[in-house]
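Data first, discussion second: the structure below is written as structure tokens.
The values are calculated or read from the model by the stated rules, or taken from the named source; none is laboratory data. Owing to the predicted nature of the structure, the values given are computational and were not obtained by experimental measurement. Positions of Cβ are generated from backbone atoms using ideal geometry, with glycine treated the same way; all protein chains shown enter the neighbour counts.
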Amino acid sequence: MFDLFIYHLQVCSPLFLLVIVGWALIKGKLFDQTIVRALSGFTFRFLMPALLFSLMSRLSEMPPVDWRVLIAFFGSCIIVYLLGRAAGRFFGLDNTGKTIFGMAAIFGNNVQLGVPILQISLGNEAMPTISLLIIFSVLLLWTTAIASVELGKESDHKDFRKIARSMLQVFKNPVVLGILTGSAWGMTGWELPGFLAGTLNYVTSATTPIALIVVGMGLARHSFSAALPKGFTISTLKIVIHPILVYIIARLIGLDEITTNACVLTAALPVAINVYLMATEFRSEEGAASNAIFVSTILSAVLIPITLTLLGVRL
């Protein structure tokens, strides 16, 4: 088993080294936040949708998605979210703070970090599963956060239109559009014309390194020391408890090996940088969110290879 762990550590190390490169570029003041915002937008709106379109355009060649993966993943999300809110209560937080705590414990970096890690460690067969989880994460998690905050308000003024708008925003998400259009093309069984396929290959070959460097650049904004007890609690729920619960539910409902591995590894991903944006928007627990992003990303460099080892993944 130790040899298998070393193998996965060697496979994952280049990915996390790219994250460190991005972090060092910002800490070394070679680039400023203007560049980070531009690269983040470029990655999110163009590179990642192109990669997911390319992967999903071969959908007809891949095994069908087992929709029960939504039960395993989001069933565990409900449990972990409630555990997060309970932990928030322990720290004496108000309703909004408990919502941030709960959301941080289930909202992983599924796109910029998750897609490259799953593609390299599990292969293209895992892409339909993580694509399905990305779509429903975009739809459900932001909506749940907004609904929890709005419904938890003590005043009578609750903005239900804000909840509805968050559900509709999923169809404007570039990553979701890349998945949906790629899947639609893949179901036709048609091949892309050679010149288009070649161009797309050039674009997708740049996606993984740039996306991981951008993750590191974003990480440089966050602190290890700010609200460390809260951040460590969130990180434990996100990258330890969440994948364990997903594995248990996946086994109980009889998911196959590749689907189980894909949803467990997705659950083991560190806290998404979007959680900090959520905390900033709700003006609550920015320090805890910032620390959880930093701590969980650093720890996942070791915990993801451990997860792959315990799952017995071999390529």
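Of all residues in the range 116-140, those that are of a type in the set (A, V, I, L, M), surrounded by 18 or more Cβ atoms within 10 Å (Cβ to Cβ) and more than 21 Å from residue 68 (Cβ to Cβ) total 1. Within the set of pairs 6+ apart or on separate chains, which have a first residue in the range 174-195 that is within 16 Å of residue 133 (Cα to Cα), a second that is among the basic types (Lys, Arg) and surrounded by fewer than 18 Cβ atoms within 10 Å (Cβ to Cβ), and C-beta atoms under 9 Å apart? Cβ pairs passing all conditions: 174/45; 175/45; 182/58. Given the criteria modelled with pLDDT of 95 or more, out of contact with any Asp or Glu (no Cβ under 9 Å at 6 or more places or on another chain) and surrounded by fewer than 22 Cβ atoms within 10 Å (Cβ to Cβ), does residue 234 qualify? Judged against the criteria, residue 234 is not a match.
Taking the listed residues 83, 47, the one that is out of contact with any strand residue (DSSP E or B) (no Cβ under 7 Å at 6 or more places or on another chain) and over 19 Å from residue 243 (Cα atoms) is 47, with no other qualifying.
Every condition in (1) of a type in the set (Phe, Trp, Tyr); (2) assigned to a helix (DSSP H, G or I); (3) within 22 Å of residue 15 (Cβ to Cβ) is met by residue 31 except one, and the failing one is (2). A Cβ distance below 8 Å, combined with a sequence gap of six or more or placement on separate chains, defines the contacts here; from the range 62-84, residues that are on the phi < 0 side of the Ramachandran plot reach residues that are surrounded by fewer than 22 Cβ atoms within 10 Å (Cβ to Cβ) and acidic (Asp, Glu) in the pairs 62/125; 63/125; 66/256. At least 1 residues being within 15 Å of residue 101 (Cβ to Cβ) is the threshold, and among the helices (runs of 4 or more DSSP H) wholly inside the range 188-291 those reaching it are 228-236, 242-252, 274-282. Filtering the range 277-297 to residues that are farther than 16 Å from residue 84 by Cα and modelled with pLDDT of 90 or more leaves 294, 295, 297.
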